[in-house]
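Take a look at the structure below.
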Amino acid sequence: MLDTARSRIWEAMQIGPQWLLRDTEDPLLDEMTKKRLAPALVRETPAQAPAAARPFAPASASPASRVAPPRTPVTHRAPRAGAATHPTAGAARAADNVIPIVSMPEATAAAAKTADWETLRGLADACRVCPMGSTRQHMVFAEEGREARFVIVGEAPGGEEDFQGIPFVGKSGQLLTAMLNVLGIERRKDVTILNVLKCRPPGNRNPKPDEVAACSVFLRRQLEILQPDVLFLMGRFAVTSLLNLPPDSSIGRTRGTIYEVRVGAKMVPAVTTYHPSYLLRRPEEKAKAWEDLVLLKQTLARAGITFEKKDA
Ligand code: URA
């Protein structure tokens, strides 16, 4: 948990933003401000919440798990038939109306289907099917968690990721790390992080539907190899491509629901949320992302995945 001393150190080092559990008092608030804000800290008690909505809130739960649940979690299969077998079918269908400029050569797609992790990395590194293959500095394949049964999918590398060859190391990566730390999740250990696109779109523009469809050959195989037990989909491109939704779907509408995504032979529960870079632009939406983290924590626990919170 964040205590005042640790929180001050974080602030002094400009490590942030600092994420607090909703029922935790901000350790940096002075006494006057605490008094002024007191009514805002009043929350729904577990007893008032509907039973189905609070699987994580038994009366004796530790403070870390006594969090208000988000909207009642509902398990949904991916909305349309076909989602399960072809995660990017939605993006591909949306591309029907545009002249495809990018498509994965059949030989590469076939090789990817049976590739092991390192072979797949080599195929992605050699890939030049779209111009990004030539404009990038590094192909950004994954940040692997040593013991990970949990996978996060983001959008595409930005400038810092392109420079380092590692996903989520820029500003949005710092926010993601802070979010994960609040749940006790350690990067490079507890979670593997992937992107929909493996190369940086020039100027950080949005991925195009045909690029998403082409690169999905790599993402799909990565998931098949990793066989995760829980997925966390961040941002429009991860959500729409893996849930087979139209590319302009609103993430807001997908939030609060547990989906199931087919990965090889199994259906994997998936929680959706806003992309961290959106949260940096719209900090007022962080409360919703916090609800999504709570749902993620519940989903992980149902899959038997728990994390120890480290205080140091
Ligand atoms: N945004 C993403 O979606 N992925 C990254 O790796 C970095 C920023």
Do you know which residues across the range 125-155 are over 26 Å from Glu186 (Cα atoms) and either in a loop (DSSP other than H, G, I, E, B) or not acidic (Asp, Glu) (or both)? Ala126, Cys127, Arg128, Val129, Cys130, Pro131, Met132, Gly133, Ser134, Thr135, Arg136, Gln137
Give the range 216-269 a look and list any residue that's part of a helix (DSSP H, G or I) and among the acidic types (Asp, Glu), or say none. Glu224
Can you confirm whether the range 211-224 contains a residue that is on the phi > 0 side of the Ramachandran plot, surrounded by fewer than 23 Cβ atoms within 10 Å (Cβ to Cβ) and more than 13 Å from the ligand (Cβ to nearest atom)? no
Conditions first: (1) touching a residue at least 24 places away in the same chain (Cβ under 8 Å); (2) farther than 25 Å from Lys113 by Cα; (3) in contact with a Lys or Arg (Cβ under 8 Å, 6 or more places away or on another chain). Arg200 passes all but one, so which condition is the exception? (2)
Tell me, yes or no, whether the range 291-304 has at least one residue that is surrounded by 15 or more Cβ atoms within 10 Å (Cβ to Cβ) and among the acidic types (Asp, Glu). yes
May I ask you to list pairs of residues, at least six apart or on different chains, whose Cβ atoms are under 8 Å apart, with the first in the range 220-248 being closer than 20 Å to Thr114 by Cα and the second being among the acidic types (Asp, Glu) and assigned to a loop (DSSP other than H, G, I, E, B)? Ile225/Asp116
If we keep only residues of the range 227-261 that are more than 16 Å from the ligand (Cβ to nearest atom) and buried (at least 20 other Cβ atoms within 10 Å of the Cβ), then the residue nearest to Glu144 (Cα to Cα) is Pro228
Of the residues in the range 199-215, those that are within 26 Å of Leu293 (Cβ to Cβ) and touching a Ser or Thr at 6+ places or on another chain (Cβ under 8 Å) come to Val212
It is to be established whether one or more residues within the range 265-280 are more than 16 Å from the ligand (Cβ to nearest atom), surrounded by fewer than 23 Cβ atoms within 10 Å (Cβ to Cβ) and without any contact (Cβ under 8 Å) to a residue 12 or more places away in the chain. yes
For the range 156-177, check the following and say yes or no: at least one residue is part of a helix (DSSP H, G or I), in contact (Cβ under 8 Å) with a residue 40 or more places away in the chain, basic (Lys, Arg) and on the phi < 0 side of the Ramachandran plot. yes
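Computed from the coordinates by the stated procedures, all read-outs in this text should not be read as laboratory data. Just so it is clear, the model here is predicted, and its values are computed rather than measured. Using ideal geometry, Cβ is built from the backbone for each residue, glycine included, and neighbour counts are taken over all protein chains shown.
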